[in-house]
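Heads up: the structure comes next, in structure tokens.
Nothing in this text is a laboratory measurement; each read-out follows from the coordinates by a stated rule. Everything numeric in this text was worked out from a predicted model, so none of it was measured. Cβ placement follows ideal geometry from the backbone for every residue including glycine, while neighbour counts extend to all protein chains displayed.
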Amino acid sequence: MIVDVKDVRKSFGDVEVLKGIDLSVEKGEVIVIIGASGSGKSTLLRTINNLETIDSGEIWVDGTAVHDPKAAHNVHRDVGMVFQQFNLFPHLTALKNVTLALRRVKRMSKDEAEKVAMEALAKVGLAEKAGNYPQQLSGGQQQRVAIARALAMAPKIMLFDEATSALDPELVGEVTKVMRDLAQEGMTMLVVTHEMGFARDTADRVLFVDSGVIVEQGAPEQIFTAPSNPRTQQFLHRVLEA
Amino acid sequence: MGWAGIWESRELLLLGFWFTVILTVVTIITSTVLGFIVALGRTAHIPILGPILRGYLELFRGTPLLIQILFIYFGSAYLNFTGVTVFAAIVIAMTLYYGAYVSEIFRAGFESVPYGQQEAGRSLGLSRFHVIRDVIVPQTVTIVRPPLVGQYISLVKGTALASVIGYADLVRQGQGIIDRIGSPFAVFLVVAALYFVISYPMSLIERHLEKRTLQA
Amino acid sequence: MEVLAYFPDYLSGLWITTTASLLSFAAALVLGVITAVFRRSGIWPLKVIGAVYVEVIRNTPSLVQIFLIFFGLPSIGIHLPAFEAGVIALAINGGAYLAEIIRAGLTKVPSGQFEAARTLGLGRTDTFFHVVFPQAARYVYPPVINEFIQIILATSLLSTVALNELTGTALVVNSLTFQTLVAFAVALVLYLILTNVVSFAAAWLGRRMFHPPLQLRQERQHGKTLLKRLTIMAGGR
């Protein structure tokens, strides 16, 4: 077990967005979290790498107690994250985006960092764009650089927070392809997405989250063909019709 | 009108010009450093620091520079702080005063960087220091430049107040010349023109930078 | 406390500061509007006059402008008392800054608004008073208030032409009592009260005058909008 979430609760003001979440993830598992916007699925992801602090409960990531403020910052060593809005650093080239943390956090030499960064960029098929600035790249390319940036840190777990939602439809494929490759290599992944195709063919387990609770989970074929909970049925009916 | 007398006093005016330039350069540096530190302090969310810094901003932006200069100059004499010369008093006062305005510019600059940038930095494991130095600050440099230069233009003109406590700047030299040759109108016109010589190029730079940030 | 015996003098100093500020601001506003109109007019001599006025004033110290009017004008036969000279100088000074603020406000109204008004058949005056002005006013209000506060702070310069407004009063009391710290502290506190009263009153007015209410104080203007505002209202001169 590499991630263990125990009875996690989180409120923003008066609104409780996570109402007691329990989740354990095995090494190498690919988990896709689906649910309507505002259901709490992104918040759940963000609590796992301490971008949101939790009100109660426990989160363990490969031995790190994320719920403990003193230890929480260690989680970034093991967990990479890819954001909906890419969040590339606009003042740095693709290469520099990747080397920044390698140098500052992993304290690599310039040459070493660049070597690792080029490998990561090659992996997402963008080695030849290393010298470009984010504004000079398409949305799909930017997101692939963002993936390379996270991968270069050699994380044990990758979080994807609606990584394809801000992309034009024709650019979604190149990003999901990188994600599929990563899954195949055995990366542990937690993926919040609206791409039901990806969930169906890549996930080991699909979680349906609604109003801050995990309503239902199971293998993709079970969730997509025979959901047992009426709320899951309703949600899938809506998204698959569209 | 006394133009001949002014021409004969040109060396005094030149001297005053340099005194004004020196004061300008020194206080631009000190107020920028102070403003930057205060802006950083305001983003830090340290319990007591926030109210203290806000009090500082309120005090120095809510009262005139002239009375701050007088207060620091006469006040340090009153308290027997012998180290506080005319130059020191004026630099301290102007640094505190313009530093307050400069810090607001930096704060706005920091806030103009989307929050996702900080999150991306943190999720890569960057420390707070590195997030600020490598992610936030580089992105604020271009956007912060036009208002900063605008503030420096204000500062150039603010240096004129140094003459009130006897700093030998342009205004002071002008007054000295008037004492000897009269013609206050002509002398102050020349003094104003010399300030224009410093300030106008800065205005052009400000406008140029502003156009550049608008394009970006 | 010796200084407190002079409290009535401080109050009269505060009164002079307040009246000088209000008069200067009112005159500066008129000058600013006229100059902004000049600069937007298609008539080139007016544009040049407006541009030269703004550039000359904004690139020279207000202290020197005050000296020119108070000490300089008499040598060409124009004698003005300190208060009048000071108010005129601050009005001329503030007018240049307000002209830029107002001009920026007018350019802020999107051209689509003019087009929409025209397609609705609105005339030029109707377009200005019902479409352009209300939108520009909203944008212009915060920097105009800021300029008013800058004028209040600038009235302290009138102490250099022997006018006993607040700063002048503090100087006099200091020389009479030698209680330097208290003498200046009283004036500082009165300035703080004055500037805070103005900004609170302006915030109150802003909430009532504009629809939807304009939040001046509470609203922490963020990032880029705040920077743009700071660009046209650099503080302290």
Phi-based couplings in Hz for the range B:62-79 (Karplus 6.51, -1.76, 1.60; Gly and Pro marked x): x, 10, x, 4, 4, 6, 5, 4, 4, 4, 5, 5, 6, x, 6, 5, 4, 8
Point-charge dipole on Cβ atoms (K/R +1, D/E -1) for chain A, about Cα centre, debye to 20: 800 debye
Using alpha-carbon coordinates, inclination of helix B:86-112 to the longest axis of chain B, degrees: 30 degrees
Calculated from backbone phi, Karplus (6.51, -1.76, 1.60) coupling profile of the range C:93-102 in Hz, x at Gly/Pro: 5, x, x, 5, 5, 5, 4, 5, 4, 5
Built amide H within the under 5 Å cut-off of residue A:191, gap 5+: A:31, A:32, A:33, A:160
Point-to-point label distance, residue B:40-residue C:204, nm (Cα→Cβ direction, 7 Å offset): 4.1 nm
Nitroxide proxy distance, nm - points 7 Å out along Cα→Cβ at residue B:81 and residue C:113: 4.8 nm
Ranked by how many other beta carbons lie within 10 Å on average, peptides B:47-59, C:172-184, B:92-104, A:153-165 from highest: B:92-104, A:153-165, C:172-184, B:47-59
Neighbourhood net charge (15 Å Cβ-Cβ; Lys/Arg +1, Asp/Glu -1) for residue A:179: -3
The range B:131-174 and the range C:92-124: distance between their alpha carbon centers, rounded to Å: 30 Å
Among A:189-196, A:63-70, the order from most to least packed when residues are scored by Cβ within 10 Å on average: A:189-196, A:63-70
Entries of A:27/A:129; A:19/A:41; A:129/B:211 with Cα pairs more than 22 Å apart: A:27/A:129; A:129/B:211
Dipole of the protein assembly as shown, positive direction: furthest Cα of B:208, C:146, B:143, with charges on the beta-carbon: B:208
Shape metrics for the range B:2-215, restricted to C-alpha atoms - Rg then Dmax, Å: 20.6, 70
Integer Hz, Karplus 6.51/-1.76/1.60 couplings in order for the range A:155-170, x for Gly and Pro: x, 8, 9, 10, 10, 10, 9, 6, 5, 10, 5, 8, 9, 5, x, 6
Gyration tensor verdict on chain C (Cα atoms; rounded if a/c is under 1.5, prolate if a/b is larger than b/c, oblate otherwise): oblate
Choice from B:159, B:20, B:85 showing the highest fluctuation, given a GNM over chain B with Cα pairs closer than 10 Å: B:85
Charge dipole (debye, nearest 20) of chain B; +1 at Cβ of Lys and Arg, -1 at Cβ of Asp and Glu: 360 debye
Normalised contact order of the range C:7-235, rounded percent, pairs of Cα under 8 Å and 6 or more residues apart: 25 percent
Nitroxide proxy distance, nm - points 7 Å out along Cα→Cβ at residue C:137 and residue A:177: 5.9 nm
Averaged over A:99-107, number of beta-carbon atoms from partner chains that fall within 10 Å: 4
Charge-dipole axis of the range B:2-215 as Lys and Arg at +1 and Asp and Glu at -1 on Cβ define it, positive-most pick from B:48, B:113, B:197: B:113
Positive-end extreme of charge dipole, the protein assembly as shown - chosen from B:124, A:224, A:37 (charges on Cβ): B:124
Taking chain A and dividing mean pair separation by its residue count, relative contact order in percent (alpha carbons under 8 Å, at least six apart): 26 percent
Residue mean of other protein chain beta carbons inside 10 Å, B:167-174: 1
Cα-centred dipole magnitude for the protein assembly as shown, charges only on beta-carbon of K, R (+1) and D, E (-1), debye, nearest 20: 1220 debye
Averaged over C:68-79, number of beta-carbon atoms from partner chains that fall within 10 Å: 4
Sites residue C:193 and residue A:132 - FRET efficiency at Förster radius 41 Å, r taken between beta-carbons, to 0.05: 0.15
